[in-house]
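Notes follow the structure.
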């Protein structure tokens with residue numbers, strides 16, 4: 001059976017083991033007759049010395065109760081000094097100094113350091129007065145150092161290291177908590193991004209498919225109906241491709257995740273043709289073709305245009321939409337206007353589509369406004385980006 005480590009034992013068992021060990025060592029010292037520190041012969045009976053030792057070791061069970069244990073141990077030490085200071089009692093008393101410094105309050109620990117220094121000076125002064133020889137006083141002060149200063153200094157260092165370890169553990173716990181909060185925030189942000197992408201893909205393409213299908217059913221001209229159905233198929237294929245790309249991004253890890261390039265303004269022509277197939281008149285004014293854009297800004301501008309066209313298809317069918325993309329002082333301006341006012345209601349101002357557009361603009365440090373303007377509807381976004389070179 002393995003012997004348990006001392007630190008793994010309960011506190012009272014640790015103190016009991018210390019008390020028993022110190023009593024056995026003290027008994028051997030007394031029995032050997034080498035316990036006297038000052039006198040050559042000890043005039044006190046052995047049983048008196050053992051009684052002192054037993055009382056002091058018994059107080060070891062209270063060593064963590066500061067300052068009660070230290071005061072009682074000091075009383076036993078005073079009796080021992082009156083009978084003639086002995087080595088075992090002095091050794092056991094050092095543990096009370098150690099325990100008072102280590103387990104006491106911060107104030108008590110600082111007081112113990114001062115008491116240890118004063119004790120050395122007091123012994124030096126007392127011996128100097130009585131012995132009248134400075135060499136003897138110095139030797140006495142040096143002799144007191146191991147019994148007073150060393151345990152206090154040792155305990156102060158142990159306490160400092162313990163406090164540092166506790167502070168490090170607290171910091172580690174705080175960092176772990178912050179990391180967990182960051183992870184949750186990242187997960188929430190990623191879920192929001194996925195929700196926006198899903199909304200853009202599904203709402204944009206499926207809204208166009210629904211409107212184009214309805215138009216195809218009402219057309220009498222087979223050629224025109226075929227043209228509309230081809231647009232429906234193109235929207236369906238595009239939606240499937242984007243959904244497949246998103247699923248691939250979710251499944252893949254690392255560099256393999258970039259399996260498909262995200263939608264960009266270079267694909268705007270397909271978006272415009274899809275909207276025109278629903279009967280919407282779309283005019284593209286100024287553009288930024290050929291200008292390299294940061295991927296995030298490029299994707300944001302495309303998604304804003306996609307959502308605005310989707311809303312125009314739903315709320316302003318058969319109307320006219322103007323798209324403009326302009327540079328202005330390091331900012332990409334995106335403006336989409338239609339000439340038919342949106343129907344009143346919360347959906348026209350606080351719908352999911354508008355919320356997604358605002359979140360996308362905020363994500364790249366830009367702003368977006370949407371509302372009625374000039375008997376129609378206007379979506380205006382300003383996306384900051386470095387000036388093109």
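In segment 145-196, the C-alpha radius of gyration followed by the widest Cα-Cα span (Dmax) gives 22.2, 74 angstrom.
The ranking of 96, 147, 27 by Cβ neighbour count inside 10 Å, starting from the fewest, reads 27, 147, 96.
Round to a whole angstrom and tell me the spacing of the C-alpha centers of segment 14-28 and segment 290-316. Comparing the Cα centres of segment 14-28 and segment 290-316, I get a distance of 82 Å. The orientation-averaged projection of the convex hull spanning the C-alpha atoms of segment 264-389 amounts to 7.0 square nanometres.
Label separation (residue 74 vs residue 9): 2.9 nm, computed from points 7 Å beyond Cα along the C-beta direction. In segment 290-337, Cα pairs under 8 Å separated by at least six residues give a relative contact order of 28 percent. A simple spin-label model places pseudo-atoms 7 Å from Cα toward Cβ; at residue 367 and residue 186 they are separated by 3.2 nm.
Length gained on full extension, residue 121 to residue 329: 67.1 nm, using 0.36 nm per residue less the C-alpha separation. Ranked by how many other Cβ atoms sit within 10 Å of their own Cβ, fewest first, the residues 47, 153 fall in the order 47, 153.
The ranking of 358, 169, 303 by Cβ neighbour count inside 10 Å, starting from the fewest, reads 169, 358, 303.
The numbers here are math on the coordinates, done by the rules we state, and not lab data. On a predicted model such as this, the values are computed, not experimentally measured, just so you know. Cβ: placed from backbone, ideal geometry, glycine included. Neighbour counts: every protein chain shown.
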